[in-house]
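Report on the structure given below.
All of the numbers you see were taken from the coordinates with simple rules; none came from a lab. From a predicted model like this one, the values you see are computed outputs, not experimental measurements. Please note: Cβ atoms are built from the backbone with ideal geometry, for glycine as well, and neighbour counts cover all protein chains shown.
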Amino acid sequence: MEQENYKENSHKGWIEVICGSMFSGKTEELIRRLKRARIAKQKVEIFKPALDKRYHEQNIVSHDAHTVQSTPVESSSQILLLAGDVDVIGIDEAQFFDDELSNVCEVLANRGIRIIVAGLDMDYLGKPFGPLPQLLSVAEYVTKVHAICIHCGDLAHYSFRTAENSSRILLGEQDSYLPLCRSCFMEEMEKKS
């Protein structure tokens, strides 16, 4: 029976990735797509990493204070366990999940579910971040959004960390990060070294 269900729905599932720097509107775009799915009367489930409690214990909240209810999970495998009979799954802050997230998304997409994932594609050093590189390679649709460079006004691709902390994961806001373009990011990194 499971195999028959897979064949019936396999043409409908796919993976979308929304990526970019801090303050680029990733979560805002995720929320917009999820709201449209609900308007279309689709069943939607939303997940976020349990460690991200910056704005709210459970909800996904954009920098512009738009909110949508979500389920916090400790690992990507929990998404498989909690994903019920749904049409669309939204996942925010994907960079904080384990490396199994890509496999989880593929399993769900193969079940006929539309998966929308948002997250930082690079860490504060400008290096690929978490499971995002793998997700980008298996996604059918990729949207890269950009912030505005706080120094020069060009498109910002980088999340420059202003806080003195060398941990790869540092939950923060404008008190800890600035969106910068490539040349401004390189200048700031040179100042730090």
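Step through the residues of the stretch 112-125 one at a time and calculate ³J(HN,Hα) from phi using the Karplus curve (6.51 cos²θ - 1.76 cosθ + 1.60, θ = phi - 60°), rounding each to whole Hz and writing x for Gly and Pro.
x, 9, 7, 10, 10, 10, 10, x, 6, 8, 9, 7, 5, 9
What FRET efficiency do you get for Arg38 and His146 if R0 is 22 Å and r is their Cβ-Cβ distance, rounded to the nearest 0.05? It would help to have the intermediate numbers written out before the result.
Details: r = 27 Å, r/R0 = 1.22.
The value I calculate is 0.25.
For each of Val142, Val17, count neighbouring Cβ atoms within 10 Å of the residue's Cβ, then give the residues from fewest to most.
Values: Val142 14, Val17 25.
Neighbour counts put them in this order, fewest first: Val142, Val17.
Which pairs in the list Lys26/Lys48; Lys26/Lys127; Lys12/Lys48; Lys12/Lys41; Lys12/Lys35; Lys48/Lys192 are over 21 Å apart, alpha-carbon to alpha-carbon?
Lys12/Lys48; Lys48/Lys192
Report the gain in length on full extension from Asp98 to Ala50: 0.36 nm times residue separation, minus Cα-Cα distance, nm rounded to one decimal. Let's see the in-between values first.
Values: separation 48, 0.36 × 48 = 17.28 nm, distance 1.22 nm.
Taking 0.36 nm per residue and subtracting the Cα distance, the gain is 16.1 nm.
Which whole-Hz ³J(HN,Hα) couplings does the stretch 42-50 yield from phi under the Karplus relation 6.51 cos²θ - 1.76 cosθ + 1.60, θ = phi - 60°, glycine and proline marked x?
Here the 3J(HN,Hα) series is 8, 7, 10, 10, 10, 10, 9, x, 4 Hz.
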